[in-house]
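Asker: Have a look at this one.
The values are calculated or read from the model by the stated rules, or taken from the named source; none is laboratory data. The structure presented is a predicted model; accordingly, all values stated were derived computationally and were not measured. A quick note on method: Cβ atoms are made from the backbone with ideal geometry, for glycine too, and the neighbour counts reach across all protein chains shown. For accessibility, only protein heavy atoms count, side chains too; no ligands or nucleic acids. Shrake-Rupley method; radii C 1.70, N 1.55, O 1.52, S 1.80 Å.
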Amino acid sequence: MDQTPTHIDPRIYALYDEYCHGRIDRREFVRRAGALTVAGGSALAMAQALMPRYAQAQTISFTDERIKARYVDYPSPGGNAAAMRGYLVQPAGNGPFPAVLVIHENRGLNPYIEDVARRFAVAGFVALAPDGLAPVGGYPGNDDDGRALQAKLDQVKLRTDMLNSAKWLKAHPLSNARLGCTGFCWGGGTTNQLAVEMGPDLRAAVPFYGAAPEAASVPRIKAPLLIHYAESDARINAMWPAYEAALKAGGVPYEAHFYAGTLHGFHNNSTPRYNEAAAQLAWDRTLAHFRRHLAA
C-alpha cells in the first residue's frame, strides 16, 4: 500500500532545497526534518517521500521504437578529462534533425535527465545529455553520491565539458547545425552561461530555474531565451530583476514565465515537487520555442 503523504510541510520542502543544493547532507536533512512537529502525518515520512523515484517517473522507454539511443564518447579539450561521455538520442530515421543539448542538475546524468532527452527525440530533435561525472566514472547510480562527486570537480573545467558537448553536438552529422540548449537547476545556470559563451552559435536557450549570468556578460547573448521560474524559489528569483534589466539593456530577445504554485524543481516528475500542470505548460512552450528557432 502506498504510504506517500498527500501533503508535505513547507518547512520540509525548504530543508529539501538545502539538501538538493549541497548545503546539508542527506543525514542532516533527515535529522532536521525528523525533529519537526508537523500536522497531518510523520515529518520523517514527508522527508523520505521527497527522495527521487526514477523508475515510476520514466515516461519514454529506452527501447521505444520511435527513437534510437546510445552512449557516446567525444573529446573535451580543457575539461576535467580528455574525453566526455553522453547519452545521444535521435528520432528514428536518418536526419539531420534540430539539435538540443540537455544539461543535468548538480548530480550528474540521472534517469530523469535521460528521460528528458528521450522526450526531445520523440518530439523530433536529436538530443545529447552529457554526463559531467564522466571524468570520475559517470553517474554513480544515486543522487547523493552524484552530488558529492560533482561538487569535487573543477567547476570551470566542468563548464568547459558542457561547452565542448554543445560544440560536438552542433557539428554531429545527425544535427542540422541549429543548436538549442536547456538545463535544470545547475543545468539551467549552465544554459545561461553557454548562451553567453556561444553567442550566435547557439540558436535558442531554455533555462529552467537557473542562476543568472553576470550582468556585464549578458549583452553577449544572441540566442532567444525562454526562461522558466518557479513561483517559490527565493535564491534563484532574487537574481531575476538584475538579469532582466541586463537583457533589456543588451537588446537580448527573451520571454520569462513564473509558474504559480510551484517550487524549484517543478519539472522533475520523480519527486513530489513536481507540478504536472506547470511542467506540461513549460514543456509545451519549450518545444514551441525550439521548433521556432531550430527548424531548418
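Asker: Name the single residue that is surrounded by the most Cβ atoms within 10 Å (Cβ to Cβ) among those in the stretch 73-110 being over 15 Å from S175 (Cα atoms) and among the aliphatic types (A, V, I, L, M).
Answerer: I103
Asker: Could you please let me know if G95 is modelled with pLDDT of 95 or more, outside any helix (DSSP H, G or I) and in contact with a strand residue (DSSP E or B) (Cβ under 8 Å, 6 or more places away or on another chain)?
Answerer: Considered against the rule, which asks whether it is modelled with pLDDT of 95 or more, outside any helix (DSSP H, G or I) and in contact with a strand residue (DSSP E or B) (Cβ under 8 Å, 6 or more places away or on another chain), G95 comes out as no.
Asker: Same structure, new question: Would you confirm, using the coordinates I've provided, whether A39 is modelled with pLDDT of 95 or more and either open to solvent by 10 Å² or more (accessible area, probe 1.4 Å) or under 22 Å from the mean Cα position of the chain (by Cα) (or both)?
Answerer: So A39 does not fit the description; no.
Asker: Could you list, in sequence order, the residues of the stretch 209-229 that are touching a residue at least 40 places away in the same chain (Cβ under 8 Å) and either surrounded by fewer than 24 Cβ atoms within 10 Å (Cβ to Cβ) or assigned to a helix (DSSP H, G or I) (or both)?
Answerer: Matches in the stretch 209-229: P224 only.
Asker: Turning to a different aspect of this structure: Filter the stretch 121-138 for residues that are farther than 19 Å from A82 by Cβ and either outside any helix (DSSP H, G or I) or touching a Phe, Trp or Tyr at 6+ places or on another chain (Cβ under 8 Å) (or both) and give the result.
Answerer: If the condition is that a residue be farther than 19 Å from A82 by Cβ and either outside any helix (DSSP H, G or I) or touching a Phe, Trp or Tyr at 6+ places or on another chain (Cβ under 8 Å) (or both), then A123, G124, F125, V126, A127, A129 are the ones that fit.
Asker: Within the stretch 139-158, which residues are open to solvent by 40 Å² or more (accessible area, probe 1.4 Å), part of a loop (DSSP other than H, G, I, E, B) and over 23 Å from I67 (Cα atoms)?
Answerer: P140, G141, N142, D154, listed by residue number.
Asker: Additional query: Restricting attention to the stretch 168-205, which residues are under 16 Å from L226 (Cα atoms) and basic (K, R)?
Answerer: Answer for the stretch 168-205, where residues must be under 16 Å from L226 (Cα atoms) and basic (K, R): just R203.
Asker: Here's something else I'd like to know. Restricting the search to the stretch 235-268, which residues are open to solvent by 10 Å² or more (accessible area, probe 1.4 Å), in a helix (DSSP H, G or I) and either over 25 Å from G199 (Cα atoms) or not polar (S, T, N, Q) (or both)?
Answerer: R235, W240, P241, A242, E244, A245, A246, K248, A249, G250, listed by residue number.
Asker: If V206 satisfies all but one of (1) surrounded by fewer than 21 Cβ atoms within 10 Å (Cβ to Cβ); (2) not in a helix (DSSP H, G or I), what's the number of the condition it fails?
Answerer: Of (1) surrounded by fewer than 21 Cβ atoms within 10 Å (Cβ to Cβ); (2) not in a helix (DSSP H, G or I), only one is false for V206: (1).
Asker: Here's something else I'd like to know. Residue check: is G180 touching a Lys or Arg at 6+ places or on another chain (Cβ under 7 Å) and either touching a residue at least 60 places away in the same chain (Cβ under 8 Å) or among the basic types (K, R) (or both)?
Answerer: yes
Asker: Among the residues of the stretch 273-296, which ones are more than 29 Å from S175 (Cα to Cα) and crowded, with 20+ Cβ neighbours inside 10 Å?
Answerer: Scanning the stretch 273-296 gives R273, N275, A278.
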